[in-house]
Structures are given as structure tokens and as C-alpha cells.
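Only the coordinates and a few stated rules stand behind these numbers; no lab work does. Just so we're clear, the structure is a prediction, and the values are computed from it rather than from any experiment. All Cβ positions, glycine included, derive from the backbone under ideal geometry; neighbour counts span all protein chains shown.
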Amino acid sequence: MRERLTKEINDRIGDPIWWNDVLHLVKTVLAAVTAWVIAASVLELPQPFLAPWAALLVVHATVYRTFSKGSQQVAATVVAVLLATAVGETLGLSTGAVALLLVLALLLGAVPWLGAEVTTIATTGLVVLTTGFESDVLLISRLLDTAIGVAVGLLVNVIVWPPLRRRTAADAMDRIDDEIGELLVDIAGGLGDGCQEEDVTGWIDRTRDLDGDLEHAWALVRQAQESARMNPRRQAREMKNPERWHELLRRMEQAVAETRSLARTLGGQRAHRETWGEAFADPWISMLGDAGRAAGGADPAALTDVRRRLEAFTEELRATERSPEWPIYGALIINLRNIVDSMGKVAEAHPIRGNRLPLQVPQVRGSAAPG
């Protein structure tokens with residue numbers, strides 16, 4: 001139990017993606033607290049709650065989104081302050097004023113540029129209305145609070161390790177090729193043990209799960225591309241035009257499609273070994289398992305070796321008398337060849353993947369099993 005817990009902790013603290021999320025949390029807190037200190041302690045503004053509120057709104061997952069999305073949220077905050085002040089001066093603090101404020105805030109949701117921030121307008125307006133609106137000095141103070149929060153949030157997100165989602169996308173892609181390799185190994189093992197119809201159905205379902213993982217990976221790559229925009233870090237250059245990553249995702253998509261086709265072909269065969277014969281079954285199943293292990297281990301040399309063996313095997317089959325099962329042989333050989341070719345390119349690109357951080361829980365002396 002202790003070893004399992006230690007492994008889970010090591011996996012977590014050695015994961016750069018987890019640390020990226022932690023950094024984003026720390027930056028958000030830092031920006032909000034700094035904005036509060038400047039507004040409350042340095043400038044001594046009255047009711048400086050809008051400074052940390054604006055800072056929280058501005059610190060986003062990417063620098064580009066900090067500017068693009070943050071500008072919308074800041075505009076929404078300013079609109080809310082002005083709206084709440086106007087409603088308060090007209091109706092005072094009453095039920096009617098609250099109702100009118102919410103109606104106007106929701107109507108502003110029809111404005112395309114502010115539509116996504118209707119909740120920000122409504123909540124900020126309510127806070128401003130219920131905490132006071134009596135003087136022009138207070139209005140100016142709140143606008144100044146907002147400006148401080150915006151400025152601090154922008155500076156913190158740009159200066160303190162600007163976020164780059166490269167590792168997140170790389171980790172998602174790495175997990176997909178691991179899952180593809182694991183599925184191929186499981187298919188090979190199932191064929192060797194004598195698979196049933198439910199096994200084939202399970203393999204096909206797993207390819208559908210992989211389709212979902214690929215869609216998620218595409219979204220993460222697009223997010224990584226966005227994170228490179230306006231990002232001063234040198235590593236951001238590669239992600240500004242991630243065509244290489246797109247090509248790898250397309251190749252994994254092909255590998256998944258070929259695996260599904262392979263599984264469907266197997267589903268039409270009731271007695272695989274008996275129908276195919278040992279001369280085909282043993283070599284092909286062996287190459288399928290080796291291809292899966294090589295894909296999961298990102299080993300391009302092993303995939304190249306499987307490709308070479310597959311070519312030699314195909315030539316050998318051509319030289320022998322043709323079996324009635326030749327169309328099945330051809331379909332399975334083509335599926336495996338396309339999988340090996342696709343995953344070979346993915347394995348060659350393995351150095352772009354996110355590397356784990358060399359952090360782990362220190363071992364307690366004497367806790368290891370005697371060896």
C-alpha cells in the first residue's frame with residue numbers, strides 16, 4: 001500500500017503538466033494579492049475589492065487569452081461599475097434597482113463582444129450597487145481599482161513564466177500512442193489464446209475511445225498554438241506553426257482507423273488459427289504483438305524491424321500456393337503495414353514529448369525490500 005501511494009505521489013510531483021497547473025494557481029493568487037496590497041495599503045483606496053477581482057479575471061491559461069479574453073472581462077467590469085452607479089443614483093438601493101440592474105445586465109448579453117461576460121456584468125454590478133454608489137469619488141476609485149487589477153494581472157502572467165501548453169499537448173499524444181500499442185498487444189494476446197466475439201467487440205470499443213482521446217489531443221494542440229501567441233519564451237516559436245504535431249495526430253488517427261479495420265476483419269473470422277493455418281497465424285500474430293510493444297515504447301528501430309519482417313513474410317506468402325484465405329491475409333497484412341508505418345513516424349518524433357521532472361519522494365532508509 002505504501003509503495004503504491006509513493007508511486008502515485010512520485011507520478012504527480014514528477015509530472016510537468018501538474019506543475020504547470022500549480023504555477024497558474026500561484027500566479028493567480030499572486031496577482032490578486034498584489035493588486036489588493038497596492039489598492040488597499042499603498043494607494044489606500046476605499047473599498048478596493050475590485051482590484052483583486054479584476055486581477056482574477058485577467059490571469060488566464062495563455063498570454064494571448066489574457067489579452068483577448070481579459071480585455072472583454074475588463075470592459076464588462078467597467079460597464080458593470082458605470083451601470084450600477086447610474087441605477088443606484090436613479091433608484092437608490094431597492095428591490096426595483098436590483099431588478100433593473102439585472103435586466104439591463106442580461107440585455108447587454110445581446111452585444112456580441114460582451115455576451116460571454118453577462119455573468120461578470122451582473123455579479124460585479126450587484127456588488128457595486130449593494131456596497132455604495134453615493135459619490136463621484138467612489139466611482140473614480142472603483143475604476144482605478146479595476147485598472148490596478150488589470151495591470152497587475154497582465155504583468156504577472158507575462159513576466160512570471162508565461163504559460164506554454166506544449167507539454168500538455170505532448171503528454172496527451174504520448175498517452176495515445178501508449179494506448180495504441182497496448183491495444184495491439186492485447187489483440188495479439190487474444191488471438192494467441194483464442195478470442196471470442198466479445199473480445200473483438202471490446203477491441204472495437206477501445207478504438208472508439210481512442211477517437212475521443214484524439215479529439216481531445218487536437219484541442220490541446222490548438223490550445224498550445226494559442227499559448228505561443230504573444231509568448232516571449234523561445235520554446236513558443238515551434239508551437240506558432242505546429243504542422244509537425246498535426247502530422248503526428250493524423251498518423252495516429254490512421255493507426256486507430258487501421259486497428260479498427262483489423263478488429264472488424266477478425267470479427268468475421270470464427271476460428272482464426274484453424275482457418276488461417278499456423279504458417280500465417282504464428283508469424284503475423286508475433287509481428288502484431290511486437291508492433292504494439294514498439295509503438296508503446298516509442299521505438300522506431302523496432303518498428304522498422306517489424307516492417308522488414310512483414311515485407312519478407314509477404315514475399316514468402318506470394319511464393320507459396322495461394323490459400324482460400326488469401327484475401328484475409330492481404331487485408332490483415334495491409335492493416336498491420338499501415339499501422340507500423342504510421343506509428344514509426346510518431347516514434348521518431350518522441351523527443352518532442354514532455355519529459356518528466358526529476359522529482360520524487362525520498363525513500364525512507366531501510367524501507368526497501370532486501371535484495
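Apply 1/(1 + (r/R0)^6) to the Cβ-Cβ distance of VAL26 and THR201, taking R0 = 35 Å, and write down the FRET efficiency to the nearest 0.05. Intermediate values should be presented prior to the final figure.
Values: r = 46 Å, r/R0 = 1.33.
So the FRET efficiency works out to roughly 0.15.
What is the distance, in nm, between label points placed 7 Å from the Cα along the Cα-to-Cβ direction at ARG250 and at ARG309?
3.0 nm
Spelling out what I want: for every residue of the stretch 176-182, take phi, set θ = phi - 60°, compute 6.51 cos²θ - 1.76 cosθ + 1.60 (Karplus), and round to whole Hz; glycine and proline get x.
Listing the rounded values in order: 5, 5, 5, 5, 4, x, 5 Hz.
Spelling out what I want: for every residue of the stretch 120-126, take phi, set θ = phi - 60°, compute 6.51 cos²θ - 1.76 cosθ + 1.60 (Karplus), and round to whole Hz; glycine and proline get x.
Residue by residue, the stretch 120-126 yields 4, 4, 5, 5, 5, x, 4 Hz.
If we sort 122-130, 326-334, 89-97, 280-288 on the protection proxy, mean other Cβ atoms within 10 Å, highest first, what's the order? Could the numbers behind the result be given before it?
Values: 122-130: 21.0, 326-334: 15.9, 89-97: 13.0, 280-288: 18.8.
Going from most to least packed, we get 122-130, 280-288, 326-334, 89-97.
Which peptide among 308-320, 47-59, 28-40 comes first, and what is the full order, when sorted by highest mean count of other Cβ atoms within 10 Å?
Working: 308-320: 12.9, 47-59: 24.5, 28-40: 20.2.
Ranked from most to least packed, the peptides come out as 47-59, 28-40, 308-320.
What list of ³J(HN,Hα) values in whole Hz, one per residue of the stretch 334-347 in order, does the Karplus curve 6.51 cos²θ - 1.76 cosθ + 1.60 (θ = phi - 60°) give from phi, with Gly and Pro shown as x?
5, 4, 5, 4, 5, 5, 4, 5, 5, 6, x, 5, 5, 5
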